1. I want the local charge near D91. Using Cβ-Cβ distances under 14 Å, sum +1 for each Lys or Arg and -1 for each Asp or Glu among the other residues.
2. Which FRET efficiency value, to the nearest 0.05, is calculated for W240 and K129 with the Förster distance at 35 angstrom and r the Cβ-Cβ distance?
3. Taking the Cβ of G102 as the centre, find all other residues whose Cβ is under 14 Å away and add up their charges (Lys, Arg: +1; Asp, Glu: -1).
4. Evaluate the distance, in nm, between pseudo-label points positioned 7 Å from the Cα of L207 and of L231 along their respective Cα→Cβ axes.
5. Classify the range 62-293: rounded, prolate or oblate, from the alpha-carbon gyration tensor (a ≥ b ≥ c, eigenvalue square roots; a/c under 1.5 rounded; otherwise prolate if a/b is larger than b/c)?
6. Count charges around S258 for me, please; just the other residues with Cβ under 15 Å from its Cβ, Lys/Arg as +1, Asp/Glu as -1.
7. Give, as ranges by residue number, the residues of the range 134-148 whose backbone N falls under 15 Å from the point 7 Å along Cα→Cβ of V161.
8. Read phi for every residue in the range 120-129 and hand back ³J(HN,Hα) as whole Hz from Karplus 6.51 cos²θ - 1.76 cosθ + 1.60, θ = phi - 60°, with x for Gly and Pro.
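Throughout, read-outs are computed from the coordinates displayed, never taken from laboratory work. Remember, predicted model here, so these are calculated numbers, not experimental data. Heads up, the Cβs are rebuilt from the backbone with ideal geometry, glycines too, and the neighbour counts pull from every protein chain shown.
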Amino acid sequence: MTTDSSPTALNSSSVSDSDWDLIIRPKRHLLDVNLKEIWDYRDLLYMFVKRDIVTVYQQTILGPIWFFVQPIMTMLTYVIVFGNIAKISTDGIPAPLFYLSGITLWNYFAESFNKTSTTFVSNANIFGKVYFPRLIVPLSVVISNVIKFFIQFGLFLIMWVWYLATSDSIHPNFWILSTVYCLLLMAGLGLGFGIIFSSLTTKYRDLTFLIGFGVQLAMYATPIIYPMSTLSEKYQRVLWWNPISHIIEAFKYGFLGSGQASIAGLAYASVFTLLTLIFGVIIFNRTEQTFMDTV
């Protein structure tokens, strides 16, 4: 019995790419993001989003009501501690509305950052067994938190409309139109920082203990519990370099008429967000290729 090992026989027995349903190729460069592939896995993205929303409060007594309870309890704590005890000025804005306006947007960033920062460690078992675009996981976190944001944003709007009808202390203006853009910037920052730290925690597990503490410290370096107008020029210049400060101030200024919103500030926040996302994708793609050896 003889076998034909000629090039003609080999070529005739070879299988072309068109014969396969799915072809997995290595990334060619660190900025390689296959958007079409992510779109093809949109059903999986939907399942992850549903999981993030449903499973968190599935075995709780209050269930989704926690979406409302958390910002309300945080707001009341800030009113008592920072408003009544510390006597921190709210720049003439009713304290509950002032604190809730900052909490609403900040919570979205903090939740997105905290949960995406454990992408590789929390999903190591899945990543090691099944192939799918790894960016699906952090994207699902950012999208699921958008739904939570709109629930809390609805609570803020109810309080905002009530104060708008019963007092003359708030003065909304055209900056209110920047709300969606501010949300997109927060999503970009949460995703960018999250995938950066998720890549670093595969090798340096100590960072998981510092992330939660660092987010809390970052909140105090952002005008959430105080208006920037009450700070000296020296500290205002320091906070100017914090991109989230410009996003929060634009959001507050649009709805409350109080703050220091500026196009230059949002432009800086936009560039910072874009660079963070680019760097995040680079380090995420690099870690994706070898993380199973270290996790």
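1. On the way: positive: K87, K252; negative: E249.
That works out to +1.
2. For R0 = 35 Å, the calculated efficiency reads 0.15.
3. Counting the neighbours of G102, the net charge comes to -1.
4. Placing both labels 7 Å along Cα→Cβ, they lie 2.6 nm apart.
5. Prolate is the answer for the range 62-293, as a/c is 1.5 or above and a/b outweighs b/c.
6. It works out to a net charge of -2.
7. Label zone hits: none.
8. 6, 5, 6, 10, 4, 5, 5, 4, x, 10
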